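S.K.: Please read through the structure below; I'll follow up with questions.
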Amino acid sequence: MSETKGICYIAYGESALREVRLAIHSLHQVGVELPIALICAEPIHIQKIFYVPFEDHSFGARRVKVLLDDLSPFEQTLYLDVDTRVKSIDILKGFDILDAGWDLVMAPSVNQGANVFAHILPEEKQATSDFLYNKLPIQLQAGVMWFQKTPRTLSLFDSWRTEWNKYKHHDQAALIRALQTSPARIWLLGLDWNSRRGSIVDHHFGQAVN
Amino acid sequence: MALKWVRCIQTFSRHSELGRRATHYKGDWLQLRNMEIKQRLAAGQIEDPTTVFQPELFNSGECGIVTSNKPIDVSEYSYNLPITYSEHYVQEYQYTLVWNSGPLRTALLPISFELLKSWDMLVPLEGFSVLANTIGSVEDRKRTEDVIGDLRVPVYNVEQMFIRRCSDTAQFMDAWEKEQEQENSKVDKRLSFLRTLFVNPLLMLALPPSWISGSHV
């Protein structure tokens with residue numbers, strides 16, 4: 001596959017495979033016709049989907065997420081969690097931002113300030129606080145993100161993998177630590193692009209309903 | 001006796017040597033004398049200064065403030081940083097704080113300059129819910145949307161910007177200034193900043209709104 005732009009999902013386990021069908025359906029409903037790649041252990045039958053077989057047993061398939069730069073077949077990728085539902089064709093505007101020269105496009109998490117890294121295990125949270133110069137980072141939500149394979153992005157993913165491998169759990173604190181060593185050109189979006197009831201992407205955060 | 005930089009591990013309030021009461025939050029940096037360091041170490045309020053990050057860069061002479069504010073209270077804010085008074089950004093220092101208005105969280109200055117070693121520019125967000133579609137005039141928003149494609153993006157508080165001197169930031173600041181010269185005074189410079197940024201991508205680190213406001217959010 002040599003497509004330039006495409007959409008990537010990661011689905012492991014019955015629940016995720018059920019969710020991904022609904023997620024892809026939401027894309028088609030708003031008229032998105034870009035190629036879609038599904039990274040999973042075994043192919044499932046969904047029309048016009050490109051399968052990327054990959055074995056994984058990590059927490060929430062986070063190891064696969066930090067390998068996306070390698071596993072995605074696209075030069076420009078929109079990664080979506082399987083519990084996202086696309087609500088608007090405006091989702092494609094993220095690729096225009098990449099075309100303008102940005103490495104990564106994503107939205108902040110709704111959890112900021114005192115709630116930054118609230119979901120991170122205490123040991124990793126403390127280590128992250130010790131490691132970061134910036135003790136007041138903005139937490140980014142990596143369940144919806146566009147990236148293109150620039151040297152900076154590849155370096156960032158490399159650092160992200162290194163940081164994630166230290167605790168092998170959630171990916172967000174590892175991303176912020178990685179950005180300290182491998183900064184990238186990040187265009188920030190508002191919550192419409194990635195939040196519960198977002199007008200462009202409705203992210204169910206593990207509580208998806210049919 | 002020289003002052004030493006220390007980092008808070010608990011929030012506490014104290015009177016500065018100028019007699020002003022200030023609250024220092026967990027993670028903040030401040031300068032203390034040895035006697036107070038011993039007291040606060042014993043109280044578990046600060047880290048051992050021999051083990052924490054020493055902001056050598058901050059004292060290197062490469063950092064400075066460019067401001068249009070006249071006069072500013074140098075003793076309170078500058079930490080002996082050189083100050084250039086100018087209406088426009090000038091590439092006087094390798095690492096510059098462009099400070100137009102708003103309270104300065106001085107405890108965050110050393111960290112900010114340190115972060116500029118890896119980032120081109122640091123600018124606080126206006127707020128997580130302050131989006132480009134909620135500010136400026138209809139005309140200004142339309143003009144911005146034509147450039148950046150979608151206004152559902154957060155805006156930056158351009159009253160305080162940390163800038164590393166390099167060709168990318170020079171080009172950016174030049175382009176932004178030219179864009180502002182073409183506009184009338186009613187145009188929101190936060191929108192012109194977004195327009196300029198979009199077409200001049202930078203290693204931009206967005207800082208939380210609390211970097212300016214002092215509210216511990």
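S.K.: For segment A:16-119, calculate the relative contact order in percent as a whole number, restricting contacts to Cα pairs under 8 Å that are 6 or more residues apart.
M.R.: Details: 72 pairs, mean separation 30.3, N = 104.
Computed value for segment A:16-119: 29 percent relative contact order.
S.K.: Something else about it: What does the charge add up to near A:Leu34, with Lys and Arg as +1, Asp and Glu as -1, over the other residues with Cβ less than 11 Å from its Cβ?
M.R.: Net of charged neighbours comes to 0.
S.K.: Cα to Cα, under 17 Å, and not fewer than 8 places away if on the same chain: which lysines meet these conditions relative to B:Lys38?
M.R.: The qualifying lysines are B:Lys4.
S.K.: Something else: By its C-alpha gyration tensor, with a ≥ b ≥ c as the square roots of the eigenvalues, how is segment B:55-217 shaped: rounded for a/c under 1.5, else prolate for a/b larger than b/c, else oblate?
M.R.: Note, shape of segment B:55-217 comes out prolate.
S.K.: Continuing with this model, one more query. Just want the ordering: B:Ile65, A:Ile120, A:Ile10, from fewest to most Cβ atoms lying within 10 Å of their own Cβ.
M.R.: Ranking B:Ile65, A:Ile120, A:Ile10 by Cβ neighbours within 10 Å, fewest first, gives A:Ile120, B:Ile65, A:Ile10.
S.K.: State whether chain A is rounded, prolate or oblate according to the following rule on the C-alpha gyration tensor (a ≥ b ≥ c being the square roots of its eigenvalues): a/c under 1.5 gives rounded; otherwise a/b larger than b/c gives prolate, and the remaining case gives oblate.
M.R.: Taking the square roots of the gyration eigenvalues as a ≥ b ≥ c, chain A is rounded.
S.K.: Estimate the FRET efficiency between B:Glu17 and A:Leu121 by the formula 1/(1 + (r/R0)^6), using the beta-carbon distance for r and 35 Å for R0, to the nearest 0.05.
M.R.: Working: r = 41 Å, r/R0 = 1.18.
Given R0 = 35 Å and the Cβ-Cβ separation, E is 0.25.
S.K.: Can you check what the net charge comes to around A:Ile89, using other residues whose Cβ is under 12 Å from the Cβ of A:Ile89 (Lys, Arg +1; Asp, Glu -1)? Numbers along the way, then the final one.
M.R.: Details: positive: A:Lys87, A:Lys93; negative: A:Glu33, A:Asp90, B:Asp150.
Combined, the nearby Lys, Arg, Asp and Glu give -1.
S.K.: Determine which lysines satisfy two conditions relative to A:Lys65: a Cα distance under 29 Å, and not lying fewer than 8 residues away in the same chain.
M.R.: Excluding near neighbours in sequence, the set is A:Lys5, A:Lys48, A:Lys87, A:Lys93, A:Lys125, A:Lys135, A:Lys149, A:Lys166, A:Lys168, B:Lys117.
S.K.: Run the numbers for B:Lys38 and B:Lys4: contour at 0.36 nm per residue of separation, minus the present Cα-Cα distance, in nm. Before the final figure, lay out the partial values.
M.R.: Working: separation 34, 0.36 × 34 = 12.24 nm, distance 1.17 nm.
The B:Lys38-B:Lys4 span can extend by a further 11.1 nm.
S.K.: Suppose R0 equals 30 Å. What FRET efficiency, 1/(1 + (r/R0)^6) with r the Cβ-Cβ distance, do B:Val138 and A:Arg196 give to the nearest 0.05?
M.R.: The formula returns an efficiency of 0.50 here.
S.K.: Tell me the net charge near B:Gln39. Cut-off is 11 Å between Cβ atoms, B:Gln39 excluded, with +1 for each Lys or Arg and -1 for each Asp or Glu.
M.R.: +3
S.K.: Rounded to the nearest 20 debye, what is the charge dipole size of segment A:115-210 about its Cα centre when +1 sits on each Lys and Arg Cβ and -1 on each Asp and Glu Cβ?
M.R.: 160
Values quoted throughout were computed directly from the atomic coordinates according to the rules given, and no laboratory measurement underlies them. Since the structure is predicted, the reported quantities are computational estimates derived from the model, not experimental observations. Note that we place each Cβ from the backbone using ideal geometry, even for glycine, and neighbour counts take in every protein chain shown.
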